[in-house]
Structure formats: C-alpha cells, structure tokens
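The values are calculated or read from the model by the stated rules, or taken from the named source; none is laboratory data. Every value quoted in this text rests on a predicted model; they were computed, and no experiment measured them. Neighbour counts are summed over all protein chains in view; Cβ atoms, including those assigned to glycine, are modelled from backbone coordinates with ideal geometry. For accessibility, only protein heavy atoms count, side chains too; no ligands or nucleic acids. Shrake-Rupley method; radii C 1.70, N 1.55, O 1.52, S 1.80 Å.
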Amino acid sequence: MSSIVEFLEKCVGKWFSQRTGHNLTDRKSVLGKGDLWMEALAADAPEAIALCQTYGVDPQSIAAGLKMRWEAITASPKKELGSSVLVALTPDAAGAGALLATPAAKQNPQPGQYSFGSDGALWLTLPIAGGSIEERIWFASGNLRFRSSTTTRSDGPNFASFCSEIRMGV
C-alpha cells in the first residue's frame, strides 16, 4: 500500500470478522465474531472536524478518515455494539503520521501513530489508560483482511488477538 488514503479507502465496506483473543495474564481465550461497517469520512465531515477539535488539531491536516460501526458476539450473552471515528493526519516523508480516534469514556484524548511496514501492512499504536495497543492490519486479497493486536500495560503485554475479516459488500 502506498499511502494512508489508499489503505483506508480499501477498508471501506461491510466485513464479517472472526476473532480469537488471548488474555496472557490468566491464560484464557475468548472467541468472537461480528460485523463491521466502514465508510470513508471526508476531511470536512462534521465528525472529522469535531474529532480534531477534541484533540486541539487543525482540521486542515486531515489526510483521510473512516467511520466505523460494529456488532459483535462473544462469550457474553449480549451483543457488543460500538462505533468510532478514525482520522489520519498528513503523513511525513516516510508515510507515517498521527492518528486520532474517538476517545474512550473518561479517557484523556491522546493521538496515536500510524506507519507502514516494508510489506505494506498498516501499523497502529494507540494509547490507552496505563499502556497502549499495537495493531497490524494487512490484506491477503481485496476482500480478505487480517488484524493482529497486542495490548500492553505498564507490567507488560496482557492481551493478544487475531482477526480474519471477509468483505461482504461495499
């Protein structure tokens, strides 16, 4: 992938996701599945501008954005529903840049980072309370995507997951 704009455009659509997660502290696995809806978000969209204002960032620095919504089923009896907005800011010469995401409730907004590996995979690093999440996203084909992530707290890695996702439509 040559740019964050192209990568995020390739993510647009409805995806079916299967996830395996591992709690590294208590050695328990969690299986889940769900649907993801991703749509391109224009730089002048109200959600993108509001997110920049939350972070105190000039909206003119937006390179690309995504609006996501999900419905997931895990071991718990109820569905997990959620939504988020991601905005990638203008990349540097190496193609890396700051990433803004809808902050979690009661979390101080801190920008994350994105970069590309030599294999074209997108790497995201997002700060969370007491640690960070590092996620790698790559495409096996136009309609098959993979994600792996590791959540690390101050005492070391404590959760890892792998998702395979199939595009169901655009």
> If the Cβ limit is 8 Å and pairs must be 6+ apart or interchain, which residue in region 1-26 that is closer than 12 Å to Arg147 by Cα pairs with which residue that is open to solvent by 40 Å² or more (accessible area, probe 1.4 Å) and basic (Lys, Arg)?
Replying inline: Ser17/Lys33; Gln18/Lys33; Arg19/Lys33
> How many residues does region 132-170 contain that are open to solvent by 60 Å² or more (accessible area, probe 1.4 Å), over 19 Å from Leu24 (Cα atoms) and part of a loop (DSSP other than H, G, I, E, B)?
Replying inline: 2
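For Glu39, are the conditions met, namely being charged (D, E, K, R) and open to solvent by 90 Å² or more (accessible area, probe 1.4 Å)?
Details: charged (D, E, K, R): yes; open to solvent by 90 Å² or more (accessible area, probe 1.4 Å): yes.
So Glu39 fits the description; yes.
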>> For region 78-96, give me each residue that is more than 15 Å from the chain's Cα centre (by Cα) and farther than 18 Å from Gln110 by Cα.
In response: Lys78, Lys79, Glu80, Leu81, Asp92, Ala93, Ala94, Gly95
>> Filter region 12-34 down to the residues that are modelled with pLDDT of 95 or more, of a type outside the set (Phe, Trp, Tyr), open to solvent by 40 Å² or more (accessible area, probe 1.4 Å) and under 20 Å from Ser83 (Cβ atoms) and list them by number.
In response: Lys14
> Counting only residues that are in contact with a helix residue (DSSP H, G or I) (Cβ under 9 Å, 6 or more places away or on another chain) and free of Cβ contacts under 8 Å to residues at least 60 places away in the same chain, which one in region 106-131 is most open to solvent (accessible area, probe 1.4 Å)?
Replying inline: Gln110
